[in-house]
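*Asks:* Below you'll find the structure I mean.
No lab work stands behind these numbers, since they all come straight from the coordinates. Here the structure is a predicted model, which means the values were calculated and not measured. For neighbour counting, all protein chains shown are included, and Cβ atoms are generated from backbone atoms with ideal geometry for every residue, glycine included.
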Amino acid sequence: MRALITGGAGFIGGHLCGVLLERGWSIQVLDDLSTGSKDNLKDYIDNPSFRFAVDTVLNEMVLDRLVSECDIIFHLAAAVGVELIVKRPVHTIRTNVEGTDCVLKAARRYHRTVLIASTSEVYGKSANIPFRECDDTVSGPTTKHRWAYACSKAIDEFAAFAMAKETGQSVYIVRLFNTVGVRQSGRYGMVIPRFIKQALSDEPITVYGDGEQSRCFCNVTDVTRALADLVLCDEAAGQVINLGSDEEITINALAEKIISVFGSKSTIVRIPYDEAYEEGFEDMQRRVPCLDKAARLIGYKPISNLDQTIREVGDYMRANPIQQ
Ligand code: UDP
């Protein structure tokens, strides 16, 4: 099988390359390196089954050729990180909506299967825990940029299903929950690499808001194996599927855990959301997936645990201090 991975030089994309190469796929990555990095691909660069093009998915000529040469598209190219999304709202909407539009148009021309990496942000402010794929989505006001990200990904989902309905093509929509692991950068706001970096240097751990908001963190190795399984599961075509972990932890508890794992001297400081992001910022209070559908379709069950992931990320950061 030949995969085109857009955004393949990103944190998740880089790990997905590894999984697919191990399974005998040949890989073409397309990435503009805006938030991705060649470091995420350095293990595969000499592999004859791996190719890498530095360009944007908005370059329709390049995209056309790469789509014509693949069997399946993993569309991972997107704006990432709440901090970046809030700072660059126009770029976020353009990257997500126009980027996916270009990918779908090319997929349609060559009748290719597409897996779109969507996000648990789509559930928005829903308090209906755990989030099920068939649930209503609850967005915030259009004056708050955070929700533009959620809505832009929801539009991507609508567009993919619309294409599938008109053409009969296979599309897979995967809503990723908080995904963590080695090589993730804290540069775009992600909490785990940030807290670990702070803990390793005994700097204050920056908890935003009151810290009672919660998340479920899943190791990227569980997520990428599941992506590779899903795209070959015919029954999953035409569906939305949650992927992540359902082990919930508050951000306060996460900060304490990270301090204790590394025996750090860090203290915890609480920073108001207005200061951390922008005035009037609205967070998601809880974010927990229902994983029943993925379990039924591909036998999905995350095997990694958070303590182990935190240790792995810490070891990686110690060994690669400049990349963080
Ligand atoms: N967060 C935090 N300190 C940081 C970065 C993030 O307290 O330095 C919080 C953030 O406000 C959110 C949670 O950690 O409530 C998870 O943030 P992340 O950006 O990793 O993911 P998302 O908000 O998309 O779930």
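*Asks:* Which cross-chain or sequence-distant (5 or more) residues have an amide H under 5 Å from the amide H of Ser118, H modelled 1.01 Å from N in plane?
*Replies:* Val174, Arg175, Leu176
*Asks:* Using Cα atoms only, what is the angle between the long axis of helix 251-261 and the major principal axis of the chain, expressed in degrees (0 to 90) to the nearest 10?
*Replies:* 80 degrees
*Asks:* Go through 42-50, 89-97 and give me the packing order, highest mean Cβ count within 10 Å leading.
*Replies:* Values: 42-50: 12.6, 89-97: 17.8.
Highest mean packing first, the order is 89-97, 42-50.
*Asks:* With +1 on each Lys and Arg Cβ and -1 on each Asp and Glu Cβ, and nothing else charged, work out how big the dipole of the range 9-79 is about its Cα centre, in Debye to the nearest 20.
*Replies:* On the way: 5 positive and 11 negative charges, 27 e Å.
About 140 debye.
*Asks:* Something else about it: Give me a comma-separated list of calculated 3J(HN,Hα) values for the range 167-172, in order, Karplus coefficients 6.51, -1.76, 1.60 applied at θ = phi - 60°, integers in Hz, x for any Gly or Pro.
*Replies:* 10, x, 6, 8, 10, 10
*Asks:* So which of Lys87/Lys125; Lys265/Lys301; Lys42/Lys197; Lys153/Lys301; Lys153/Lys293; Lys257/Lys293 end up more than 28 Å apart by C-alpha? Present the calculation step by step, with values, prior to reporting the outcome.
*Replies:* Values: Lys87/Lys125 21 Å; Lys265/Lys301 35 Å; Lys42/Lys197 23 Å; Lys153/Lys301 25 Å; Lys153/Lys293 20 Å; Lys257/Lys293 30 Å.
Long pairs (Cα-Cα over 28 Å): Lys265/Lys301; Lys257/Lys293.
*Asks:* In a GNM of the chain with a 10 Å cut-off on Cα contacts, which of Pro302, Pro272, Pro289 has the highest mean-square fluctuation?
*Replies:* Pro272
*Asks:* Same structure, new question: Suppose R0 equals 22 Å. What FRET efficiency, 1/(1 + (r/R0)^6) with r the Cβ-Cβ distance, do Asp46 and Glu22 give to the nearest 0.05? It would help to have the intermediate numbers written out before the result.
*Replies:* Details: r = 15 Å, r/R0 = 0.70.
Computed FRET efficiency for Asp46 and Glu22 comes out at 0.90.
*Asks:* May I ask for the distance between the Cα centers of the range 295-324 and the range 103-147, given as a whole number of Å?
*Replies:* 25 Å
*Asks:* Angle between the Cα long axis of helix 191-200 and the longest principal axis of the chain, 0 to 90 degrees, nearest 10?
*Replies:* 40 degrees
*Asks:* Quickly work out the Ala162-to-Tyr273 label distance, labels modelled 7 Å from Cα along the C-beta direction, and quote it in nm with one decimal.
*Replies:* Reported label-point gap for Tyr273 and Ala162 is 3.1 nm.
*Asks:* Hey, rough spin-label estimate for Gln308 and Glu256, points 7 angstrom out along Cα→Cβ, what's it come to in nanometres?
*Replies:* 2.4 nm
*Asks:* Let me ask something else. Under the rule a/c < 1.5 gives rounded, and otherwise a/b versus b/c splits prolate from oblate, where does the chain land using the Cα gyration tensor?
*Replies:* On the way: a/c = 1.61, a/b = 1.36, b/c = 1.19.
Because a/c hits 1.5 or more and a/b exceeds b/c, the chain counts as prolate.
*Asks:* Under a 10 Å cutoff between Cα atoms, tell me which one of Asp274, Asp55, Asp156 has the largest fluctuation in the Gaussian network model of the chain.
*Replies:* Greatest mean-square fluctuation among the candidates belongs to Asp274.
*Asks:* For the range 65-111, what does the relative contact order come out to in percent, with C-alpha contacts under 8 Å and a separation of six or more? Each step should come with its number before you reach the end.
*Replies:* Numbers: 21 pairs, mean separation 21.8, N = 47.
The value is 46 percent.
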